[in-house]
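Student: For reference, the structure I am asking about is given below.
The values are calculated or read from the model by the stated rules, or taken from the named source; none is laboratory data. What you are looking at is a predicted structure, and each value in this text was computed from that prediction instead of being measured. Don't worry about glycine lacking a Cβ; one is built from the backbone with ideal geometry, like all the others, and counts go over all protein chains shown.
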Amino acid sequence: MTDAERNEIIQKITEARQRIAEAAIASGRKPEDITLVAATKMNDAERVRAAVEAGVDVCGENRVQELLEKYEQHAYDGCPLHFIGTLQSNKVKYLIGKVALIESVSSVKLARVINKEAAKAGICQDILLEVNIGREESKLGIDPDELFSAAEEIAAMEHVHIRGLMAIPPKPQPNQEKTLYFDRMSQLFIDISAKKYDNITMDFLSMGMSADYAEAISCGANIVRLGTAIFGARHY
Ligand SMILES: *Cc1c(COP(=O)(O)O)cnc(C)c1O
């Protein structure tokens, strides 16, 4: 990668930090209360390292294979790693011990597999529950109506620890409130917190991507996941 490309990543992260700080302060929080996850999919180890050196808080990876390749190349050294993509049960074992947080736990069944693999490794895996807040058929995630019962069931598992919620909401229709789905997530987050379940600590609300992270923060997000805002457009 060229120096110009590196400088562009550094510049974009500086700009994102600025917007994050403004949104945090506007909603009565501190800039450092918000975790900036670099969504690193399709960016090679060198570009990921540039983002790590520029000071993102976390790297978020979508695909297990891609994560393992970059892990081998030491792309994430010195930076916590989150898994944020679709996770197949048979791939869970590759993540255990490598990722601080699995953000995309979209079913009780998947949590059960994580529990089993974490038990084998003798650890407790931190997770977020991914909510299909727009009830979209094309997306994974726990249905909002089933969230409480799923949370209770997963909370009983000894080797997973629920740390909060994650969502990839749809874009609201033009006639809908712009923050409709973020507000719904925020309400679910508050409602689950109020239940004070054993073995659930509602620390993180992960929502907001490049197009809408300021709005997400204003609605209570404290993890934002930025891809294009840091690395530019992805070339599929
Ligand atoms: C790619 C991705 C992002 C980042 O998307 P951008 O729009 O590029 O910021 C965030 N979250 C998840 C789960 C992703 O897959």
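Student: Considering every residue within region 191-200, establish whether at least one is crowded, with 19+ Cβ neighbours inside 10 Å, small (G, A, S), away from the ligand (no atom under 16 Å from the Cβ) and without any contact (Cβ under 8 Å) to a residue 40 or more places away in the chain. Spell out the reasoning first.
Tutor: In the first step, residues of region 191-200 are kept if they are crowded, with 19+ Cβ neighbours inside 10 Å; the result is 192, 200.
Remaining after also requiring small (G, A, S): none.
Looking for residues that are crowded, with 19+ Cβ neighbours inside 10 Å, small (G, A, S), away from the ligand (no atom under 16 Å from the Cβ) and without any contact (Cβ under 8 Å) to a residue 40 or more places away in the chain, one finds none in region 191-200, hence no.
Student: May I pose another question? Restricting the search to region 121-153, which residues are charged (D, E, K, R) and surrounded by 13 or more Cβ atoms within 10 Å (Cβ to Cβ)?
Tutor: Quick first cut of region 121-153, residues charged (D, E, K, R) only: 126, 130, 135-137, 139, 143, 145-146, 152-153.
Correct list: D126, E130, K139, E146, E152, E153.
Student: Could you give me the residue pairs with C-beta distances under 6 Å whose first residue belongs to region 218-235 and is within 17 Å of E32 (Cβ to Cβ), whose second residue is within 10 Å of the ligand (Cβ to nearest atom) and part of a loop (DSSP other than H, G, I, E, B) wherever it lies, and which are 6+ apart or on separate chains?
Tutor: Short answer, once both residue conditions are applied: A221/M207; A221/G208; V224/G208; L226/S210.
Student: Kindly list, by first and then second residue, each pair from a residue in region 74-98 that is over 22 Å from G55 (Cα atoms) and at pLDDT 95 or above to a residue that is within 16 Å of the ligand (Cβ to nearest atom) and assigned to a loop (DSSP other than H, G, I, E, B), limited to pairs with Cβ atoms under 7 Å and residues at least 6 apart or on different chains.
Tutor: Note: pairs meeting the criteria are G85/N62; G85/R63; T86/L140.
Student: Right, here's the next one. In the set L101, L81, which member is within 25 Å of M157 (Cβ to Cβ) and touching a His at 6+ places or on another chain (Cβ under 7 Å)?
Tutor: Working: L81 fails: touching a His at 6+ places or on another chain (Cβ under 7 Å).
So the residue among L101, L81 that is within 25 Å of M157 (Cβ to Cβ) and touching a His at 6+ places or on another chain (Cβ under 7 Å) is L101.
Student: Of the numbered conditions (1) touching a Gly at 6+ places or on another chain (Cβ under 8 Å); (2) within 15 Å of the ligand (Cβ to nearest atom); (3) touching a residue at least 40 places away in the same chain (Cβ under 8 Å); (4) not hydrophobic (A, V, I, L, M, F, W, C), P169 satisfies every one except a single condition; which is it?
Tutor: All conditions are met except number (3).
Student: Restricting the search to region 208-236, which residues are of a type outside the set (S, T, N, Q), more than 9 Å from the ligand (Cβ to nearest atom), touching a helix residue (DSSP H, G or I) at 6+ places or on another chain (Cβ under 9 Å) and in a loop (DSSP other than H, G, I, E, B)?
Tutor: C219, G220, A221, G232
Student: Just to be sure, is T35 within 12 Å of the ligand (Cβ to nearest atom), in contact (Cβ under 8 Å) with a residue 40 or more places away in the chain and closer than 30 Å to K116 by Cβ? Let's see the steps before the verdict.
Tutor: On the way: within 12 Å of the ligand (Cβ to nearest atom): no; in contact (Cβ under 8 Å) with a residue 40 or more places away in the chain: yes; closer than 30 Å to K116 by Cβ: yes.
No; evaluated as a whole, the condition is false for this residue.
Student: Which fully enclosed helices (runs of 4 or more DSSP H) of region 40-119 have 2 or more residues being among the small types (G, A, S)? Steps first, answer last, please.
Tutor: Numbers: elements: 45-53, 64-72, 92-95.
It comes to 45-53.
Student: Scan region 176-227 residue by residue and report those that are over 15 Å from the mean Cα position of the chain (by Cα) and either among the aliphatic types (A, V, I, L, M) or closer than 15 Å to R19 by Cα (or both).
Tutor: L180, L188, I190, I192, A194, I200, A211, A214, E215, S218, C219
Student: A follow-up question, please. Please enumerate the residues belonging to region 189-236 that are at pLDDT below 95, farther than 21 Å from I127 by Cβ and not hydrophobic (A, V, I, L, M, F, W, C).
Tutor: G232, R234, H235, Y236
Student: Among the numbered criteria (1) in a loop (DSSP other than H, G, I, E, B); (2) in contact with a Gly (Cβ under 8 Å, 6 or more places away or on another chain), which single criterion is violated by F204?
Tutor: With respect to (1) in a loop (DSSP other than H, G, I, E, B); (2) in contact with a Gly (Cβ under 8 Å, 6 or more places away or on another chain), F204 is out only on (1).
Student: Yes or no: region 58-73 includes at least one residue that is within 17 Å of V224 (Cα to Cα) and among the basic types (K, R). Steps first, please.
Tutor: First, the residues of region 58-73 that are within 17 Å of V224 (Cα to Cα): 58-62.
Subset that is among the basic types (K, R): none.
The answer is no, given that none of the residues of region 58-73 is within 17 Å of V224 (Cα to Cα) and among the basic types (K, R).
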